[in-house]
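Read-outs throughout are calculated quantities, based only on the coordinates presented, and are distinct from any laboratory measurement. As the structure is a prediction and not an experimental result, all values here were calculated from the model. Virtual Cβ from ideal backbone geometry, glycine too; neighbours counted across all protein chains shown.
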Amino acid sequence: MPGRMWKIAVTVLVPIALLLMPVPAGLTAGAWKLFALYMGAIFGIMLRPAPEPVVLLTVLSISSIYLGNIGVALSGYATTTAWLVFSAFMVGQAFADTGLGKRVAYILIGKMGRTTLGLGYVAALTDLIISPATPSNTARTGGLVYPIFQSLAVTMGSEPGPTARRIGSYLSLLLYQISLTTGGLFITALSTHALILSFAKSILKIEISWMQWAQATLVPGLLLLALVPYLVYKLYPPEIKQINNTEIASRGLAEMGPMSRQEKTLAVIFVLAIVGWATGNITKIDSTAVAIAFITACLVTGVVSWDSILRCKGAWSTFMWYGGIISLANGLSSAKFFAWFGSLLGKNISFAGYDTTMVLIGLLLLSLVVRYFFASQAAYVSTFIPVLFTLGLLAKVPVLVLAMLLGVSSVFGSMLTHYGNAVGPVLFGAGYVDQVTWWKIGTVICIVSAIVYTVIGLPYWKLIGLW
């Protein structure tokens, strides 16, 4: 309780202190009040004196009463991005309920898992296949993929402690890097992308479709995913090199039994959803509409039950607080706060004479350096991405490139620590890898990721017309 009390105190006192300050010139009193409440929400997300939904509902209730505008407080829940994340969580639930994700993993192990390096690529492919439908990489990697590979490690006599380096430590560390690589590939592969899309719309005045994001990450993202298992294998090699993959796969599939009707139906619906997302620019069907249709099809065909949907706590929790933070951000945008903030920065910062590419690289490096100060990816995105977007506008860099570069860096920047993304405590907490090693390997892979997205990604984005 004492620890919680100081967190509550900071979360409450920060907005009060801002409200007691004079309203800055160029801002309305309403905009300054909303900013004060927004900062209270940000500190609440960072310090977590209560779960995020409780923090946001509290801030929204205060804002709707204090500012007298319930419409602003609820506006975020009407955005397509909030519903896209909510729906995609349910898709991930369908994969878990039917066992299709586990079956995919065992099939790939049987085909490619003869060596430890091959097993690393199996983990990458498994996570990649499931990633478009699971915006919680904690659920995807930590709850679905990692338990399979951790059980394999235990089967091969590798547990936390003296036997960790046999294979368990390699798999734990690798799956973290994989999760944060696949998380950058699709809008629906990580929940914080919804906030980035919201800020891109309110600050940069652009909208990014599911297909645009996937097309932009196709070359640099898949190249990076191909490099990660090999790099981790070389930097932190396991003692076991060969695996009896056919026996492991056969035993796992035998325990699951024949492919069920629900699995077959889910596979078909999932392929149709990918097609729907990929052709959205042609059909003009919004990606959120495709995701909701996916859930409806799963319910109607009996792939998942409504009770299962209700039990998906992560979806409901994320929807509540994401919708809340988007509401506050939309309110600030409507009140011209970001325009004022950009003007303020413009009076003190000059980008004259700087090359566009160098400015983009500078913003990328700044986005990575600050990550050590954020114990949550959501806190980083909601706090620092608006600042970086505003700086990019001042520098007059291509806004679509700016959004994509900072979007993917928001994911691979979490590699620097074991607390930068929620899946980190799950995998690090297994006890296979010490903190120093985790940070060292993560730093190397993060640097490689930054190089790939700047050296390969930026020219590729020029080629496909993003700038």
At least 30 Å along the helix axis (C-alpha) and Kyte average at least -1.0, DSSP helices within the chain: 210-235, 313-334
Among 140, 261, what is the fewest-to-most ranking by other Cβ atoms within 10 Å? 261, 140
Ranked list, fewest to most other Cβ atoms within 10 Å of each Cβ, for 5, 415: 5, 415
Cβ under 15 Å from residue 170's Cβ, residue 170 left aside: what net charge do those residues give with Lys, Arg +1 and Asp, Glu -1? +2
Can you give me the orientation-averaged projected area of the convex hull built on the Cα atoms of the range 80-314, in nm²? 13.4
Percentage relative contact order, the range 325-467, counting C-alpha pairs under 8 Å, at least six apart: 25
At a Cα cut-off below 22 Å, give the lysines reachable from residue 7, other chains included and same-chain residues fewer than 8 away excluded. 33
Write down the Å³ per residue value for the convex hull defined by the alpha carbon atoms of the range 345-446. 98
Relative contact order, percent, of the range 148-193 when contacts are C-alpha pairs under 8 Å separated by at least 6 residues? 23
Please list, or write none, the lysines whose alpha carbon is within less than 22 Å of the alpha carbon of residue 462, excluding same-chain residues fewer than 8 places away. 201, 205, 396
To the nearest Å, what is the center-to-center distance of the range 1-52 and the range 282-317, using C-alpha atoms only? 35
Long-range tail of P(r) for the range 1-108 (Cα pairs > 20 Å, %): 57
Could you state the per residue volume, in Å³, of the convex hull enclosing the Cα atoms of the chain? 150
What number, in percent, do you get for the relative contact order of the chain if the mean sequence gap of Cα pairs under 8 Å and at least 6 apart is divided by its residue count? 24
Using a Cα-Cα cut-off of under 30 Å, which lysines could be cross-linked to residue 111, ignoring same-chain neighbours fewer than 8 residues away? 102, 234, 241, 264
For residue 310 and residue 206, extending 7 Å from Cα along the Cα-Cβ vector and measuring point to point gives, in nm, a value of 4.3
What's the longest piece of the chain with no exposed GluC sites (Glu not before Pro), counting a site as exposed if DSSP puts it in a loop and it has at most 14 other beta carbons within 10 Å? 240-467
Between the alpha carbon centres of the range 171-207 and the range 82-159 the gap in Å comes to 18
Taking the number of other C-beta atoms within 10 Å as the exposure measure, put 327, 305 in order starting with the fewest. 305, 327
